Amino acid sequence: MKQIAIVGIQGVPAKYGGFESLVENIIGENCPPEIHYTVFCSKRDYTERKRGYKGASLKYIPWFHANGIQSTLYDICGLLLSLRGYDCILVLGVSGCIFLPVFRLLCRKRLVVNIDGLEHRRAKWGRFAKWFLRKSEAMAVRCADVVVADNKGIQDYVRETYGKESALIAYGGDQVLRKVSEEKQLAVLQQYGVESGKFAVSVCRIEPENNSHIILEAFAQTDLPLVFIGNWEHSEYGRRLKEKYAGCAHIRMMSANYDLDMLYSLRNHCRCYIHGHSAGGTNPSLVEAMFFGKPVLAYDVVYNRETTENKAYYFKSAKELVGLLGRHLENGEALKEVALKRYTWKYIAKQYEDFFTTSA
């Protein structure tokens, strides 16, 4: 049996972001019997600490939080704890990869690194943080046996910047398909004050790079209701937007919510899904939305076009988004076909499995 260590996430059960969802879905029923995962988790971020979950072993790092300023030290601790006893180490994200040259002196086991979505380009980071993340990314690409890119746009960037080929493995999204009674779905719509097929949905972290300001500016000029779910109180940017558009009765700015039945009901009954992400690679929220067969209006960057195979609608400004909202929207089923072909977790898990079981 192959022993695989997973380093770089907050932990499972998943309660944070895309990498956590990735791990949540490659373990369990999608994990073959010849692979055993050990997931390194943040003791500080979990009040309930399980020894095992979905067939995977869980080990806790007690000293640091997994995210924010402590993330680099947290990831380095995970790497040190994975030095012995594993056939392969899967590193998710680059914040601790500045340590990889040293790690390579200590360990020659197979190393697979998913570099995520060009973290150093995110607007939230200052100059030093961007420099540091760029250096960490370079170390990840140099030291890894396999570099994983989650989007062709990222894959092209790795080739052009570092002259190295990477493996293309996206995210899955079919975990959002669940059985929810029609009665419960309609109750959710009533709770949010919207009618089936007559509102839009957007789900994201409220950050400038996700263009929440553009989405709100556009919807303020229309009568179409918008249910916008995000962490509005997490930043000054989010708080300002919530205050600015509080007077728009048809815009519901809801706090982050991980109730899958609620999210299913809103996505299943919306007229369209709005995706404002401009950074990163394949965004999990976009992939998830594609499974519902609804039209998607996405910010116009190469990552979103690659994810949707150019079958969505695209905007770069509030004016362009307003224009799209005034059109007859279709193509939702074409997006669902792409999702079923490329973004099921069984398919994603098999791609990772192939790298874990291949000899270095």
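The values are calculated or read from the model by the stated rules, or taken from the named source; none is laboratory data. Just so you know, these numbers come straight off a predicted model, no measurement behind them. For neighbour counting, all protein chains shown are included, and Cβ atoms are generated from backbone atoms with ideal geometry for every residue, glycine included. Surface accessibility is based on the protein's heavy atoms, side chains included, excluding ligands, DNA and RNA. Shrake-Rupley method; radii C 1.70, N 1.55, O 1.52, S 1.80 Å.
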Q | GNM result for the chain, Cα springs below 10 Å: residue of Pro225, Pro295, Pro33 fluctuating most strongly | A | Pro33
**Q.** Base-10 log of normalised Debye intensity for the chain (one unit scatterer per alpha-carbon) at q = 0.06, 0.08, 0.10 Å⁻¹
**A.** -0.22, -0.40, -0.62
(Q) I'd like to compare 81-91, 182-192: which one has the highest average count of other Cβ atoms within 10 Å, and what's the full order after that? (A) 81-91, 182-192
(Q) Given a 1.4 angstrom probe, what's the average accessible area per residue across the chain, in square angstrom? (A) 44
Q: Collect residues whose amide H, placed 1.01 Å from N in the peptide plane, falls under 5 Å from the amide H of Ala56; neighbours closer than 5 in sequence don't count.
A: Gly28
Q: Can you bin segment 1-120 into rounded, prolate or oblate? Criterion: square roots of the alpha carbon gyration tensor eigenvalues sorted a ≥ b ≥ c, rounded for a/c under 1.5, prolate for a/b above b/c, oblate for the rest.
A: rounded
Q) Residues with amide H under 5 Å of Ile206's amide H, sequence separation 5 or more or different chain, H placed in the peptide plane at 1.01 Å from N; which? A) Asn231
Q: Calculate, in nm to one decimal, what Glu233 and Asp156 gain on full extension: separation in residues at 0.36 nm each, minus their alpha carbon distance.
A: 24.1 nm
Q: Excluding residues on the same chain fewer than 8 positions from Lys184, give the aspartates and glutamates whose Cα lies under 15 Å from its Cα.
A: Glu195, Asp259, Asp261
(Q) Which one, Thr282, Thr308, Thr222, has the greatest fluctuation when you compute a Gaussian network model over the chain with C-alpha springs under 10 angstrom? (A) Thr222
Q. Which is farthest toward the positive dipole end of the chain among Phe132, Val287, Tyr314, measuring Cα position about the Cα centre, with Cβ charges +1 (Lys, Arg) and -1 (Asp, Glu)?
A. Phe132
Q: Would you mind checking Lys152/Lys336; Lys54/Lys316; Lys152/Lys198; Lys59/Lys109; Lys109/Lys179 for any pair whose Cα atoms are more than 31 angstrom apart?
A: Lys54/Lys316; Lys152/Lys198; Lys109/Lys179
Q: Determine the percent antiparallel among the DSSP beta bridges restricted to the chain, to the nearest 5.
A: 5
(Q) Placing unit charges on C-beta atoms (Lys and Arg positive, Asp and Glu negative, everything else neutral), compute the dipole magnitude of the chain about its Cα centre in debye, rounded to 20. (A) 860
Q) So for segment 153-286, taking the charge dipole from beta-carbon charges (+1 Lys/Arg, -1 Asp/Glu), which of Ile214, Ser181, Leu226 sits furthest toward the positive end? A) Ser181
Q: Can you tell me the dipole magnitude for segment 1-159 around its Cα centre, using point charges on the Cβ only (Lys, Arg +1; Asp, Glu -1), in Debye to the nearest 20?
A: 480
Q. Between segment 77-120 and segment 227-247, how many Å separate their Cα centres?
A. 36
Q: With only Lys, Arg, Asp and Glu charged, each at its Cβ (+1 for the first two, -1 for the last two), find how big the charge dipole of segment 207-261 is about the Cα centre; round to the nearest 20 debye.
A: 200
